[in-house]
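The values are calculated or read from the model by the stated rules, or taken from the named source; none is laboratory data. Please read all numbers here as calculations on a predicted model, not as lab measurements. Positions of Cβ are generated from backbone atoms using ideal geometry, with glycine treated the same way; all protein chains shown enter the neighbour counts.
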Amino acid sequence: MEEKKLQELLNNMTEKEKLVQVFQLAACCYEEDFTPNFTGPMRDIQVDDTLKKTAGSVIGLLEPEEMQRLQKLCASGPNHIPALFMLDIIHGFKTIFPIPLGLACSWDTELMQKTCRVAAREARASGIHATFAPMADLVRDSRWGRVMESTGEDPWLNARFAEAAVKGFQGEGVGEKDSLMSCVKHFAGYGAAEAGREYNTVDMSRGVLRDMYLEAYHAAVEAGCRLVMTAFNTIERVPATCNKWLLTTLLREEWGFDGAVITDWNSMNELLAHSVAGDGKEAAGKALKAGVDIDMMSGHYLFDLGKKMEEEPELRPLLDQAVMRILRLKNEMGLFEDPGRGTDPKLARQLYLCEEHRALALEAAHKSMVLLKNERVLPLKKECRVTLAGSMAGAENLLGGWSFTGDAQDCITIPEGLKQIGANVAAPRHGWIDMDEVCALARQSDVTLLIGGEPVEETAEANSKTNLRLKEEDRKLLYSLKEQGSRVVLVVLSGRAFVLSDVEPYCDAILQAWFPGTEAGRAIADILYGIAQPEGKLTISFPYTEGQLPLYYNGFRTGRPQKEEALTGGEINEVDEIYVSHYIDCQNKPLYPFGYGLSYTDYAYRDLKLSSEYMYPGGTIQASVKVKNTGERVGREIVQLYLCDPVGSVVRPVKELKAYRLLELQPGEEQECIFTISEEDLKFWDNEEKKVLEPGRFIVMAGPDSERLLKSEFVYKLKKER
Ligand code: NOJ
């Protein structure tokens, strides 16, 4: 439909119709015997036929035939405006992929894109138009339950994953029949909730916000995502949902976003609890002025905005603007011509969990796993006698949080996976953690597989916690097994970085498996037996203890940095080793750093070289490093490049990831890995909100993780000297 026609349509709409367009209805409102059991103003909602037919958008529909029916119903309203169906499709629709934090450990953005494409195909054929993903929140604190939904602690890497996800969901464009609109969330800074506590305050300088937190949302916007969701938190003491600087000055004016902004669930109503609005009218007015187009489930646009506009008629054009943005999205998807475009229940059912999608889920699960320790125990040999134990050994749901669209019954459990590959496994009959039986079995076995971590219900939204350790029963079992001399491989299933320092010395090997999705059990078995190789590397630091949190590799320098040698423990007796930034009872460093991960082969790094000692405006520098596969298996190494700006007008991070390569190497093969460093890589946001490049020294670091790094340096000069 032409823009002119859309404008005519808008002109024909009554105010009531407009208010329904900017409101998002929950799927349950369409149920026959619906009675509202919402909190807040939504409890008074009257769901009549007109509301059902004129709904602007609906959240939570799942069944293809139902969606098809409702698409027709909505398009039969007075102005024949189709509705948008939105849903949280976070890491797969029916075929479930590893949780995003796991997927990120593959460092494989193409893989992320492919998984999102598959999710889009399955979901769009079912009738859904938009997904509330990706979550581009940078997270430095695993106490926060939603860390599972993020891709980790690095701004640059998060940005690469965010753009890959948008490209995957939106495919060739949202006009295509197999694409979803992508909604990046939670704008902005939600991952920095204080103390890792869900829905808590966020406060930081604008420089940090820009340098660290905004990059991934911006990348999603640049990649063309059609929706942005506001965060529950405050930014500079103003809740994101009514933050005009965030939603208009930055998002629209600076970044040029032309899609629609939607609130998070009920967050407009939370402006009252946040104490920035006295009533629903004020909340609706503030959100509209700030730039919110769609109200998810607070009801204030539907119930209160009309009254607010009577007091402030100047709000009316803003409502029109919001409605127009929504109509344009519908138009982009071709829904005016065909409200059922792309919906094909038969095709959907053919796509769900089809062979091709499951194969991708298996590949993704393999690549998501990170081998944290291996004292020559893995890979296991087929004939190896194995005892399977631990509180999570029999877990049926290994799909992970935010996978309610999938079915745990479709998930391969660990016992099933081990069986599929013909492993020689003994399992206790009196429970997975029955100490006596497990220990007795272990005495007859070569290795015990201890499967621990956290149940899926302890991850995702509203699951912040302060204890990030294995369950006590698993720890006790581990200690007893070790005491009797059994060899133990610990497999950790979790939605966050765990504290493993108290169990690490007792394990012969540790595999971080996250929640691997539909093919979970098979993928874990493949990795343990070397049918597939662990190649993932952490995108979040694993703390030594919870007390270190937040913990991240790219922190600022302090005035009193700790000496390198003090990091490894030992006597602290010099004055300059006491009055430094450290703990008296714990190391500063994580147990496992960002970028870390082992494989079944080894690599040696040498010869980090720069193409020049100087870089000038408009120029670049090539950094090359030689990487050799010194082991006996073919491997894929994630070669990482970091930069450090040692002197700046503001304090600069100790290091920042700027590039990486996935290098495939045959046993004994050495390759030179070449990176191009450009001026863009040297820039940062100063306190005047300008992205600046300051001349001076830059340190280049390359290596297998954020700690074991070769170093070299160059100088950025504004002019060539004669
Ligand atoms: C609340 C969550 O914070 C958000 O991520 C999600 O998309 C919405 N609910 C809708 O389910």
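For the range 460-483, filtering for residues that are closer than 12 Å to residue 502 by Cα and β-branched (Val, Ile, Thr) leaves 0.
With respect to the conditions (1) under 22 Å from residue 540 (Cβ atoms); (2) touching a residue at least 40 places away in the same chain (Cβ under 8 Å), residue 659 falls short on a single one, namely (2). Of the residues making up the range 322-340, not a single one is part of a loop (DSSP other than H, G, I, E, B) and either under 24 Å from the mean Cα position of the chain (by Cα) or within 16 Å of the ligand (Cβ to nearest atom) (or both). Could you say whether any residue in the range 50-72 is over 30 Å from residue 360 (Cα atoms), in contact with a helix residue (DSSP H, G or I) (Cβ under 8 Å, 6 or more places away or on another chain), more than 16 Å from the ligand (Cβ to nearest atom) and touching a residue at least 60 places away in the same chain (Cβ under 8 Å)? There is no residue in the range 50-72 that is over 30 Å from residue 360 (Cα atoms), in contact with a helix residue (DSSP H, G or I) (Cβ under 8 Å, 6 or more places away or on another chain), more than 16 Å from the ligand (Cβ to nearest atom) and touching a residue at least 60 places away in the same chain (Cβ under 8 Å). Taking each residue of the range 182-195 that is touching a residue at least 40 places away in the same chain (Cβ under 8 Å) and at positive phi and looking for partners that are within 12 Å of the ligand (Cβ to nearest atom) and among the polar types (S, T, N, Q) with beta-carbon atoms closer than 7 Å, six or more apart or interchain, yields 189/233.
Residue 241 falls short on exactly one of the conditions (1) of a type in the set (Ser, Thr, Tyr); (2) within 22 Å of residue 207 (Cβ to Cβ); (3) within 16 Å of the ligand (Cβ to nearest atom), and that condition is (2). Residues in the range 558-574 include none that are outside any loop (DSSP other than H, G, I, E, B) and either at pLDDT 95 or above or closer than 30 Å to residue 355 by Cβ (or both). Among the residues making up the range 196-213, a single one is touching a residue at least 40 places away in the same chain (Cβ under 8 Å) and of a type in the set (A, V, I, L, M): 212. On the given criteria, is residue 501 among the small types (Gly, Ala, Ser), touching a residue at least 24 places away in the same chain (Cβ under 8 Å) and either closer than 28 Å to residue 589 by Cβ or not in a loop (DSSP other than H, G, I, E, B) (or both)? The answer is yes for residue 501. Search the range 1-32 for residues being surrounded by fewer than 17 Cβ atoms within 10 Å (Cβ to Cβ) and outside any helix (DSSP H, G or I), and hand back the single one that is modelled with the lowest pLDDT. Among those that are surrounded by fewer than 17 Cβ atoms within 10 Å (Cβ to Cβ) and outside any helix (DSSP H, G or I), it is 32.
When you scan the range 701-711, do you find a residue that is in contact with a Lys or Arg (Cβ under 6 Å, 6 or more places away or on another chain), touching a residue at least 40 places away in the same chain (Cβ under 8 Å) and surrounded by 14 or more Cβ atoms within 10 Å (Cβ to Cβ), even just one? Scanning the range 701-711 turns up at least one residue that is in contact with a Lys or Arg (Cβ under 6 Å, 6 or more places away or on another chain), touching a residue at least 40 places away in the same chain (Cβ under 8 Å) and surrounded by 14 or more Cβ atoms within 10 Å (Cβ to Cβ). Of all residues in the range 129-147, those being within 14 Å of the ligand (Cβ to nearest atom), more than 12 Å from the chain's Cα centre (by Cα) and among the small types (Gly, Ala, Ser) number 1. For the range 260-289, a residue qualifies if it is within 16 Å of the ligand (Cβ to nearest atom) and β-branched (Val, Ile, Thr), and the qualifying residues are 261, 262, 263. Among the residues of the range 523-543, write down those that are on the phi > 0 side of the Ramachandran plot and crowded, with 24+ Cβ neighbours inside 10 Å. Answer for the range 523-543, where residues must be on the phi > 0 side of the Ramachandran plot and crowded, with 24+ Cβ neighbours inside 10 Å: there is none. Taking the stated definitions as given, is residue 38 part of a loop (DSSP other than H, G, I, E, B), touching a residue at least 40 places away in the same chain (Cβ under 8 Å) and surrounded by 12 or more Cβ atoms within 10 Å (Cβ to Cβ)? When the stated conditions are applied, residue 38 passes them.
Filtered by the rule that a residue be surrounded by fewer than 22 Cβ atoms within 10 Å (Cβ to Cβ), part of a loop (DSSP other than H, G, I, E, B) and not aliphatic (A, V, I, L, M), the range 406-430 gives 407, 413, 422, 428, 429, 430.
Give the residue, chosen from 90, 81, that is within 16 Å of the ligand (Cβ to nearest atom), within 27 Å of residue 325 (Cβ to Cβ) and not in a helix (DSSP H, G or I). Show your work before the answer.
Numbers: 81 fails: within 16 Å of the ligand (Cβ to nearest atom).
Answer to the check: 90.
Looking across the range 171-197 at every residue that is within 16 Å of the ligand (Cβ to nearest atom), buried (at least 17 other Cβ atoms within 10 Å of the Cβ) and not in a strand (DSSP E or B), the one that is nearest to the chain's Cα centre (by Cα) is identified as 191. When 165, 120 are checked against the criterion of being within 18 Å of residue 86 (Cα to Cα) and either away from the ligand (no atom under 15 Å from the Cβ) or surrounded by fewer than 24 Cβ atoms within 10 Å (Cβ to Cβ) (or both), a single residue qualifies: 120. Within the range 390-412, residues that are closer than 25 Å to residue 489 by Cα sit with their Cβ atoms under 7 Å from residues that are among the basic types (Lys, Arg) and crowded, with 17+ Cβ neighbours inside 10 Å, at 6+ positions apart or across chains, in these pairs: 391/471; 412/522.
What's the total number of residues in the range 632-649 that are surrounded by fewer than 16 Cβ atoms within 10 Å (Cβ to Cβ) and not hydroxyl-bearing (Ser, Thr, Tyr)? Going through the range 632-649 one residue at a time, the tally reaches 6. Counting only residues that are touching a Phe, Trp or Tyr at 6+ places or on another chain (Cβ under 6 Å) and within 14 Å of the ligand (Cβ to nearest atom), the range 216-228 holds 2 of them.
Number of residues in the range 225-280 that are within 18 Å of residue 136 (Cβ to Cβ), touching a helix residue (DSSP H, G or I) at 6+ places or on another chain (Cβ under 6 Å) and surrounded by fewer than 24 Cβ atoms within 10 Å (Cβ to Cβ): the value is 1.
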